[in-house]
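First up is the structure itself, then whatever we jot down about it.
The values are calculated or read from the model by the stated rules, or taken from the named source; none is laboratory data. The shown structure was predicted, so the numbers you read here are calculated from the model rather than taken from an experiment. All Cβ positions, glycine included, derive from the backbone under ideal geometry; neighbour counts span all protein chains shown.
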Amino acid sequence: MSSVMAVDLTMVRARPNNSNRRYQPKCQICDQLGHIAKSCPQLHSNGVTVNCAQTSTGKDKNWLLDSAASHNITGDLANLSVHSEYDGTDEVILGDGSGLAVSHIGSLALHSPNRTFILRDTLCVPNLCKNLISVHHLTKQNNVFVELHPFHFFVKDKITGAILIRGACDNGVYTFPGKMVASSSPMVANVHERTSIDGWHKRLGHPSLKIVHNLVKNFCLPVTSKQNFSSLCSSCSINKAHRQPFRVTSLQSHAPLELIYTDVWGPASYTGIDGSRYYLLFVDHYTKYMWFYPMVTKSDVSSIFPHFKKIVENRFQTKIKTLYSDNGCEFIALKSFLSLHGITHYTTAPHTPQQNGVSERRHRHLVEIGLTLLHDASLDLSFWPHAFQTALYLINRQPTPLLQNRSPYEALFGQKPNYLKLRKFGCLCYPLTRPYNFNKMEPKSKPCIFLGYSPTQNAYKCLEPYTHKIYISRHVLFDENQQHPQSVPSQPTRQDQNLFPPFVDVQPPPVHVPSSTMPVSSPAPVLPVGAHTIATSSSGNSPSHPHIDAQPLGQLENPPNLPPPQTQNLSVPPPRVHQMTTRSMNKIFKPKQVNSVSKHPLPQTIEPTSVSQAISQPQWREAMSTELTALMKHGTWDLVPSPSNCNPVGCKWVFRVKRKADGSVDRFKARLVAKGYNQRPGLDYKETFSPVVKPATIRTIMTIAVMNGWELRQMDVNNAFLNGELTETIYMMQPSGFKDLSKPTHVCRLRKAIYGLKQAPRAWYTALKNAILQLGFHTSKADSSLFIYSQGSIISYFLVYVDDLVITGNNSTFVASIIKQLGAKFSLKDMGLLHFFLGIEVVPTQAGLFLSQHKYVRDLLSKTNMSAAKDVSTPLSTSQSLKLVDGTAPVDSSDFRRIIGSVQYLSLTRPDISFAVNKLSQFMHKPTQTHWIATKRLLRYLKQTIFHSIQISKSGLPLLTTFSDADWAGNVDDRTSTSAYISFLGSTPISWSSKKQRAVARSFTEAEYRALANAASETMWLQNLLKELGFPLKTAPQLLCDNLGATHLSFNPVNHSRMKHIQIDLHFVRDLVQQGCLQVRHVHTQDQLADLLTKPLSRQRTKLLSNKIGLADGSPILRGRIKEDCVDCVDQVNSKTKHI
């Protein structure tokens, strides 16, 4: 009993360095204790070491449970089924503090009817007579627990609680049942050569280190040292290299557009019906929403992404922060653009597309759904762009567990999608095609194939298989149980045919662009499928046909630089019925000619972009030499050494092709321009204002000249700004291409003004004004750019618009002498009779003069890709009120402002578009899709009326008449009114305006009276101008107003309490009427000509008022159908054109 209790507190500890214990040396060859290397048996014998253990008969075979023992201990080596010598120096410490040496370590098994218990790491201590089982090792290694009772104990399963062993307590000691201990064999022999972990790794055939450690631990394989091994085997590293596992990415997003995944798919072995062979996919990481762009080539990515960025950032009012893509060249080319806009660009590792798994999985999903739709619809694979677009439309609207069973559409836009509009792809459908019929007897619909949903309109796409036209219509009837009898069956019949080609490096074929969709001079834009130019059933004149998508953002809206939907014949190949290989099968197409809206051919862009390019062409080299000669002739600069404190401005060459009114080349112009933006205000310049003549003044002078039968002569000043004297000291760099090689560091000290300087226009105006005043003219008080000569019976008028000059008078000899005298002072070019001034073509007719800007309209339509648009009869729709916030998506404000600025200049000769221009100008700071559609409608109206303009008539009495009108509270946003007036001299309109009132009018009369005050102010200015010109009026000017209240207030001295806040306007107009300067008359609303400038009108009303205000169709005039006698006079004068 005492011997058992003595070992109850056993523990393993390091053997102390006791001087009383005999020292055992360790061999440096075999790592064994008891001998040294000199006497090692391995030096004298090549045999294998054999350790034999004889079964002990004097040992106790019972196994005792010990809760204080740290290890399982046995004194008989035969109890261990697998064992090896113990290499350590540890001892088993008894209760009295003495230690016992450990000879071996191994494992054994205890068998019970229910389970076999494995006792690992069992120490063999030969001097110990008892076998101890550590409760800790038993429970840990066998997943059991022990219950100790006064007379017995249980070993139970840890999970089920079932009793596995029941043992008795003998004299206070818990003993395992004897039948569980396996009988030991009479002789156990272990043959081994001890080696390291690396050695066992190589012996076992280079398994993983985990397997090696497991074998060493479970089978007690003899090792020299468990720490002496290398964790990396060079042979395994070389021959077992493979891809590392992909872990969850650390990239996260917390809002839309924070992280955008993108990738290019293709090339497809079947070219799409729109010429596409690739598509570009964008995936928002936060909402899982996708955008789809078909492409002809991969290089289209560089133009698509800036457009995509602009639209989504404007739509969601946030910036794209991170873009994730592979290392394709199409994405590497975007690095400069991304860095410029502060977008972080993450890319995958080389040849590791798995890192872009978000895009790759979306590709697989999209392609699988798209091919399924094509197969189910029995359509040819060339329709894959429409099928993929439809698949993406549906996937964006399907719930996903990644978003808690919400759809990406709902996550991005915050509203649930409309599933009721969905139809079966490829089914039979009947769209309304009546707007495209040529007569009323044609059918109103045609059987078509449903190809998906329009991304920019709340409508469906329907293919007519006979003509291969795609109709976009909202009015469609569906038969989802049938397919079109002419559905093109899918071409591939073998299982291995699919959209993926057997190779990648394939050059895409040339794309056929129909002439009705895009002019040759402009590249075809890259659009989402369905947004290209196709037929739409929404008539331009019928507001009942909705043409705005009801969703907040389709896949992508029609951007401001794209044409409206039109008819497109898609080149869908018919079924092949012969074995001949045609040119179209080899992707060879004959280019088609583009039809222009003008009788003149479209000019080609031949202007050089650099000095080196210009010098290589003789016509531009001559133009540069002419410009430089003129600069030297005028003594423009002196070449001086560069002062130490000077700030020289740079200069550059600007090249322009000057064209005639018919678009043909007039001359090549090269201009040396200073970089005036480098000038410092207050140091390099002070005053910069330079007046130009007002448009109303130009029309007034031309009307007087035509009514009196005077000639209008036109002049142009060569290098006009070089005639202005500079008062400041300015230094300029030497012009590139013409530097003085002997003085390369010198600079030009400017003596004369040069184009580009801030003060150049004012200096030229001062020089010209002084020259004209010396000829006897005086400056008009009404317009500082108008000079009048009135001495005796001679009257002459001189108009100045920078370097374009117009002179007229009642004495042609005097006019010729003035031109000659100015030619002696300036380098003047006499251009004969007035024919092209400020972009306006002046055409003499029998009735007078016809002013046309048809060339300007044609260029504007070409720049905006609206040349092939369907024209309309009114500038604005009468059924839709424009407002600032209309719920539609925003558009690019820069393109919107550019177009509005262009049509503003067009209003010089087009009073019929004044209200439309004024209305659209109110939304330039925040344009939306509705405003953009209204702008395109205005361009479509200009296309129909391209040859319309005002005509200055010879006939007519010398009367000044002004029509005044107002649209009360017509502005929906702030309920302000619109004032408008149009003034006539005789029957010719000379001044007009359409403007929003600044204050809110509380009554119709108040709005009309404020408009009347504005019209009175303009009329008085015109009266003073005519008085200065010496043009007598028979009667006082008349103001015509269609409001009786405003008319009565103008001459009745009534001060009503409701009119106190407009007393200034009251007194202003009333005083003019009482003095006899004005006559205010009432006119019926049907005869109010200014009504065209206040509100949108119907087609009939617009046409009627346009004719009444003097707009005429110049098609017969411009095409030479009317032969006038005065045309011969023009040819005679132009033949005498000369340079003075």
query = What are the residues in the range 459-505 that are of a type in the set (Asp, Glu) and modelled with pLDDT of 70 or more, if any?
reply = Glu464, Asp479, Glu480
task = Considering every residue within the range 418-430, establish whether at least one is on the phi > 0 side of the Ramachandran plot and in contact with a helix residue (DSSP H, G or I) (Cβ under 8 Å, 6 or more places away or on another chain).
result = yes
note = The condition from (1) touching a strand residue (DSSP E or B) at 6+ places or on another chain (Cβ under 7 Å); (2) part of a loop (DSSP other than H, G, I, E, B); (3) of a type in the set (Ser, Thr, Tyr) that Thr249 misses is numbered (1)
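Every residue, every condition in (1) of a type in the set (S, T, N, Q); (2) assigned by TED's automatic domain parsing to the domain that holds Tyr286; (3) within 20 Å of Trp265 (Cβ to Cβ); (4) part of a helix (DSSP H, G or I), yes or no:
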| residue | (1), (2), (3), (4) |
| --- | --- |
| Phe308 | no, yes, yes, yes |
| Glu313 | no, yes, no, yes |
| Pro350 | no, yes, yes, no |
| Gln355 | yes, yes, yes, yes |
| Glu368 | no, yes, yes, yes |
| Asp376 | no, yes, no, yes |
| Trp384 | no, yes, yes, yes |
| Gln389 | yes, yes, yes, yes |
| Arg397 | no, yes, no, no |
remark   = Per the filter on the range 639-672, residues over 35 Å from the mean Cα position of the chain (by Cα) and either assigned to a loop (DSSP other than H, G, I, E, B) or of a type in the set (S, T, N, Q) (or both) are Pro641, Ser642, Pro643, Ser644, Asn645, Cys646, Asn647, Pro648, Lys660, Ala661, Asp662, Ser664
query = In the range 449-487, which residues are of a type in the set (Ser, Thr, Tyr) and assigned to a loop (DSSP other than H, G, I, E, B)?
reply = Ser454, Thr456, Tyr466, Thr467, Ser487
task = Output the number of the condition that Asp638 fails; it satisfies all remaining conditions of (1) surrounded by 14 or more Cβ atoms within 10 Å (Cβ to Cβ); (2) in contact with a Leu (Cβ under 9 Å, 6 or more places away or on another chain).
result = (1)
ask   = Are any residues in the range 919-944 surrounded by 21 or more Cβ atoms within 10 Å (Cβ to Cβ), under 16 Å from Ser902 (Cβ atoms) and of a type in the set (S, T, N, Q), and if so, which ones?
value = Thr935
ask   = Any chance the range 905-917 includes a residue that's in the same structural domain as Met1020 (by TED's automatic domain parsing) and basic (Lys, Arg)?
value = no
request  = Quick one: count up the residues across the range 736-753 that are buried (at least 20 other Cβ atoms within 10 Å of the Cβ) and in contact with a helix residue (DSSP H, G or I) (Cβ under 8 Å, 6 or more places away or on another chain).
outcome  = 2
message = Restricting to the range 691-715, name every residue that is outside any helix (DSSP H, G or I) and either β-branched (Val, Ile, Thr) or over 16 Å from Val815 (Cβ atoms) (or both).
response = Pro691, Val692, Val693, Lys694
task = Please state which of the following conditions Leu861 fails to meet, knowing it meets all the rest: (1) at pLDDT 90 or above; (2) in a strand (DSSP E or B).
result = (2)
inquiry  = Quick check on Lys743: is it over 23 Å from Arg680 (Cβ atoms), modelled with pLDDT of 80 or more and among the basic types (Lys, Arg)?
reply    = yes
key: Unmet requirement for Leu1039, which otherwise passes all of (1) part of a helix (DSSP H, G or I); (2) crowded, with 17+ Cβ neighbours inside 10 Å   = (1)
request  = Looking at (1) at pLDDT 50 or above; (2) closer than 19 Å to Val135 by Cβ; (3) surrounded by fewer than 17 Cβ atoms within 10 Å (Cβ to Cβ); (4) in contact with a Lys or Arg (Cβ under 9 Å, 6 or more places away or on another chain), find the lone condition where Ile118 falls short.
outcome  = (4)
inquiry  = Looking at Leu882 and the list (1) closer than 30 Å to Glu313 by Cα; (2) touching an Asp or Glu at 6+ places or on another chain (Cβ under 8 Å); (3) not charged (D, E, K, R), which single condition is not satisfied?
reply    = (2)
remark   = Only unsatisfied item for Val264, checking (1) closer than 25 Å to Ser407 by Cβ; (2) assigned to a strand (DSSP E or B); (3) not small (Gly, Ala, Ser), is (1)
